[in-house]
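Trainee: Here it is, the structure in full.
The values are calculated or read from the model by the stated rules, or taken from the named source; none is laboratory data. Everything quoted here is computed from the prediction, not taken from an experiment. Cβ atoms come from the backbone with ideal geometry, glycine included; neighbour counts cover every protein chain shown.
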Amino acid sequence: MTKKRLAIFASGSGSNAEKIAEYFTGRTDIEISLILSNNPQAGVIARARRYQIPVVLFDRKTFYDTHRIIEILQNEHIDLVVLAGFMMLIPEAMVQAFPDKIVNIHPALLPKYGGKGMYGHFVHEAVVAAQELESGVSIHFVNERYDEGDIIFQATCEVIPTDTPEEVARKVQVLEHQHYPEVVDKLLSALNS
Ligand code: GAR
C-alpha cells in the first residue's frame, strides 16, 4: 500500500497543524511529509520539530513569482495540501496544479465573514459586532479567491450576547481541533491511490 502524503501550510501558532499531526501519529497509511510556512517566527515550526516533520520556509517573492513551492510539492508526491491558519492567497498556478487537492479551514460560517482581511480575531470581532447567535467552522476547497471554494464541512457553536471575541474564538477552536483531522482523513481515504 502506498502511503498518502500530506503537506500542511501554516503562518502562525499551528495548533490545528499539531492536532492533525497528533491524529495521524502511528498511522501507516498516511504521512505528513512537510510543513510549509511563510513566517520564520511561526509557532508551527517548533511544533513541527516535535513531530519530526520537515519544515520548508519561503518568502512572498518565491511563492508568487516562481513555481518553486509547486515543484517541492510535486517532488514530494503530495496528495493533499492542508491550509491551517495560512494567511496568504494561494497563487492560481498552484490551484491549477492541485485541483480539488487544497483545503482550508475558516473560523466562521462561510459565506459570511470570509474574504480578504477576514482572518483570526478579525472574524470573531465581526461576529460579535453583528450580534450573531451562532458561529462555527467551515472547511472548504481552495480556489483563487479568499474563502470562496466549495464547502466540504461546517459545524456550529452558540454565541451568547455576553460572549467576547476571545470567547467565540475559544468555542470555534474547539470545533476546529475536533473536526479538521477527521475531515482530512475522510478526504484522503476518498482519493484514488
Ligand atoms: C484558525 O482559527 C484558522 O481557522 C484561522 O487561523 C487560525 C489558526 O490557528 N484561519 C483563518 O482565519 C484563515 N482565513 P492555529 O495556527 O492555532 O492553527
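Trainee: Tell me, which residue of the stretch 102-146 that is in contact with a Ser or Thr (Cβ under 7 Å, 6 or more places away or on another chain) and assigned to a loop (DSSP other than H, G, I, E, B) is farthest from the ligand (Cβ to nearest atom)?
Mentor: If we take residues in the stretch 102-146 being in contact with a Ser or Thr (Cβ under 7 Å, 6 or more places away or on another chain) and assigned to a loop (DSSP other than H, G, I, E, B), then LEU109 is farthest from the ligand (Cβ to nearest atom).
Trainee: Of all residues being modelled with pLDDT under 95 and either surrounded by 17 or more Cβ atoms within 10 Å (Cβ to Cβ) or not aliphatic (A, V, I, L, M) (or both) in the stretch 1-25, which is nearest to the ligand (Cβ to nearest atom)? Just the residue, please.
Mentor: LYS3
Trainee: For ASP147, which of the numbered conditions (1) modelled with pLDDT of 95 or more; (2) closer than 23 Å to PRO181 by Cβ; (3) touching a strand residue (DSSP E or B) at 6+ places or on another chain (Cβ under 7 Å) fails to hold?
Mentor: (1)
Trainee: Step by step: first the residues of the stretch 101-118, then only those that are modelled with pLDDT of 95 or more and not hydrophobic (A, V, I, L, M, F, W, C), then the one that is nearest to MET88 (Cα to Cα). Which residue is that?
Mentor: Step by step, filter the stretch 101-118, then rank; the result is ASN104.
Trainee: Within the stretch 26-43, is there a residue that is modelled with pLDDT of 95 or more, part of a helix (DSSP H, G or I) and within 15 Å of the ligand (Cβ to nearest atom)?
Mentor: no
Trainee: Return the residues of the stretch 35-52 that are among the aliphatic types (A, V, I, L, M) and surrounded by fewer than 20 Cβ atoms within 10 Å (Cβ to Cβ); say none if nothing qualifies. Break it down into steps so the answer makes sense when it comes.
Mentor: Our first condition is that a residue be among the aliphatic types (A, V, I, L, M); within the stretch 35-52, this holds for 35-36, 42, 44-46, 48.
The answer is ILE45, ALA46.
Trainee: Looking for whichever is at pLDDT 95 or above and within 11 Å of the ligand (Cβ to nearest atom) here; the options are GLN178, GLN173. Which one fits?
Mentor: Answer to the check: GLN173.
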